[in-house]
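Notes to accompany the following structure.
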Number of protein chains: 2
Amino acid sequence: MTASRSLRSPQGVSKQSYECVQKAARALGYVGNPLATSLSNRASDLIGVIVPSMTNAVFPEVLSGIAEEIEGTGLQPVFGVTEYDPEREYRIIRQMLSWRPAGLIVTGLDQPEETRALLRDADIPIVQIMDLDGDPVDCCVGISNFDAGKTMAEALLERGFRAFGYVGAVDVRARKRLDGFRYALAEHGLEFVSEKTTDAASSMVLGRRLTEEILLESPTLDCLYFSNDDMAAGGGFACMAQGISIPDAVAIVGFNGLEFVQALPCRMATSVSPRRGIGNRAAALIIARLGEKERPPAETTRLTPRIDLGAILRKE
Amino acid sequence: MTASRSLRSPQGVSKQSYECVQKAARALGYVGNPLATSLSNRASDLIGVIVPSMTNAVFPEVLSGIAEEIEGTGLQPVFGVTEYDPEREYRIIRQMLSWRPAGLIVTGLDQPEETRALLRDADIPIVQIMDLDGDPVDCCVGISNFDAGKTMAEALLERGFRAFGYVGAVDVRARKRLDGFRYALAEHGLEFVSEKTTDAASSMVLGRRLTEEILLESPTLDCLYFSNDDMAAGGGFACMAQGISIPDAVAIVGFNGLEFVQALPCRMATSVSPRRGIGNRAAALIIARLGEKERPPAETTRLTPRIDLGAILRKE
DNA sequence: CTGAAAGCGCTAACAT
DNA sequence: ATGTTAGCGCTTTCAG
């Protein structure tokens, strides 16, 4: 017992036995067994993180923000990837909960009711991230995707673009951006000239293919809005390969503001999403709730993407 | 006890009590506690996977190969990201082991001795992946990076290229490819005209910047070998931005054969690494070792990357 | 400040 | 086929 105490709370143990235990532990190469600790405490130091994908660079960056924030707290992140499959998401969350994590960070607000119930009944802090347009189970950190789309559309309209096309791999948050974008267009009496969507996973290859198609069908477009930067880059490549001038003939607009956008040989506009900050904040919320016995009130943090028009010039 | 039995091994329990238990479990929404099970069994259903990075698309693909293979086995992958930091790698492995995983998949063969000792003493199957050039602790699945570099150099030499430059974010496996490449050059009495390396993390942005530098310093290069596809794409972008013709003026050569290479508006050569297959095989090795009480003999699986010259034409 | 007792939820081994 | 006992390694509680 004295040993157990020495190894975590130096107070309550005489300096003598404390040092004795430390020395012995080191000599024996003692490593605590978190299974036993968690079983006894009915809680672990795990913090579960559920994201839909790893191939979209946004999520690794969120994870990295989380890792950064919990550094030194003794908490340990555990990742789950749903591949945008609600069924799989349910299973992953269910079994993460069975390890009694200290908290859960889940991507998005649009879980099916069964999953929401699971989260609600778990007696640990839950933080939903990346989205604000919906009804959080507990805490929430993200941006309004609707507003992001709307704001970007307004900025482009203000620059004089008029003939918009949309190219997207439509996940639920991209759809909200699309809705916002469409809303802003409607306010100006406009609508998309053409839309090309699929529910396949977003990628540069997909972006390129769909862009080739849409350009063929609608040669009058002056601005293409994409579901994210990967799709947009693919679209840019399609234009470059066909000798279509960017942004003079067609402007390319993505979402996320990933680093690689800076490397591209063509200009494109994007909204820089605060994904690292989202990770930081989500982790901070859980850390703040660590000691509390009563579950503190839910908190929602609204962050705002920064629009980067990437030197797209005003249309005449 | 009958309940416990009913929930995992239907045999050894009367049909009657079995169904009774199942019904009750369902009614109560019973979920087993893996903490207790693992504590009792001194082993969990976790399978730890340690990769250096998530921002390089190769690793998500390896993970996906692992996930694919363990689907339905009841095993559950747990990921750790080292950020290429041996210190962090040690900590992560150490604490993964404390959860008594069924096996560990670790990237690379070049762990420091302290880490190797940790792995050796863990009484579970260990699979080191992605590399073959070195001394595995237990099982090993990967490619020879040295050979990959050497083979690519030979293919390029055969095509008539003579003035090579190297641009790399040098991690340990990229360095082995570089060594192999250099070895092949030497066999032809050649060496790199110019090399540009850094230990920063690879990215398109970095590839672009370093390429701009090397082109300025060595305008006579006819072929640029990069540490991977991201760097190579950045290099391609640098050339395109400067109006340097690819592959006529300079050929671009990457490594990995990631999907996005197909989307690029310029041709580039690459070695297609079998990363999904590596994930599959690594997981299969651990699954095969699940029941065994004696640790079966170590197995090494050699896979081979496929060279894709990307329609780089023969130089005159 | 230290230790003895009991229990976290489960399972292997041994009765019955 | 089922139940009993003991123990996985740790912590909380309560006595000393």
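All of the numbers you see were taken from the coordinates with simple rules; none came from a lab. As the structure is a computational prediction, the values presented were derived from the model and not from experiment. Cβ placement follows ideal geometry from the backbone for every residue including glycine, while neighbour counts extend to all protein chains displayed.
Here are the numbers for this structure:
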item: Cβ-based exposure ranking for A:Ile70, A:Ile287, in which fewest neighbours within 10 Å come first; result: A:Ile287, A:Ile70
item: Per-copy distances of the A:Asp248 label point, shortest first, in nm (7 angstrom along Cα→Cβ); result: 2.1
item: In degrees, nearest ten, helix B:145-158 long axis to first principal axis of chain B (Cα); result: 30
item: Distant-in-sequence amide H partners of B:Ile307 (H built 1.01 Å from N, under 5 Å); result: B:Val272
item: Unit charges on C-beta of K, R, D, E only; dipole of segment A:145-272, Debye; result: 80
item: Under-5 Å amide H pairs with A:Val167, H placed in peptide plane, nonlocal only; result: A:Lys196, A:Tyr225, A:Phe226, A:Ser227
item: Other protein chain Cβ atoms within 10 Å, averaged over every residue that makes up A:75-85; result: 3
item: DSSP bridge pairs, chain B: antiparallel proportion in percent, nearest 5; result: 10
item: Kirkwood estimate for chain A, i.e. one over the average of 1/r between Cα atoms, Å; result: 21.6
item: Signed unit charges on C-beta, dipole axis of the protein assembly as shown, positive-most listed residue B:Ile307, B:Val167, A:Pro10; result: A:Pro10
item: Partner lysines for A:Lys150 [C-alpha distance under 20 Å; skip if fewer than 8 residues away on the same chain]; result: A:Lys176, A:Lys196, A:Lys315
item: Whole-number percent relative contact order across chain B, with pairs defined as alpha carbons under 8 Å at least 6 apart; result: 18
item: Partner chain coverage, peptide A:53-60 - average Cβ within 10 angstrom; result: 4
item: Averaged over B:31-42, number of beta-carbon atoms from partner chains that fall within 10 Å; result: 5
item: The protein assembly as shown, dipole about Cα centre (Lys/Arg Cβ +1, Asp/Glu Cβ -1), debye to the nearest 20; result: 1760
item: Distances in nm from B:Leu290 to the matching label points in the other copies, shortest first (labels 7 Å along Cα to Cβ); result: 3.5
item: Radius ratio Rg over Rh of segment B:145-272, counting only Cα atoms, Kirkwood formula for Rh; result: 0.92
item: Rounded to 5, percent antiparallel among DSSP beta bridges of the protein assembly as shown; result: 10
item: Lys, Arg +1 and Asp, Glu -1 on Cβ, resulting dipole of chain B about Cα centre, debye, nearest 20; result: 1280
item: 0 to 90° range, to nearest 10: angle between helix B:172-187 axis and chain B longest Cα axis; result: 40
item: Whole-angstrom gap from segment B:38-114 to segment A:118-169, using each part's C-alpha centre; result: 33
item: Using alpha-carbon coordinates, inclination of helix B:86-97 to the longest axis of chain B, degrees; result: 20
item: Shape call, the protein assembly as shown: gyration tensor on alpha carbons, a/c limit 1.5; result: oblate
item: Cβ-based charge dipole, chain A, positive-most Cα from A:Cys140, A:Ser245, A:Pro297; result: A:Pro297
item: Candidates per trypsin sites (Lys or Arg not before Pro) in segment A:1-63, loop by DSSP, up to 15 other Cβ within 10 Å; result: A:Arg42
item: Computed [θ] at 222 nm, helices only, for the protein assembly as shown once each DSSP H run of length n ≥ 4 contributes -39500 (n - 2.57); result: -13000 deg cm²/dmol
item: All-pairs Cα distance distribution in segment B:27-126, expressed in whole percent, bin size 5 Å; result: 3, 12, 22, 21, 19, 12, 6, 3, 1, 1, 0
item: Cα-based shape type of segment A:1-50, given that a ≥ b ≥ c are square roots of the gyration tensor eigenvalues and the cut on a/c is 1.5; result: prolate
item: Segments A:187-195, A:91-99 sorted - mean Cβ within 10 Å per residue, highest first; result: A:91-99, A:187-195
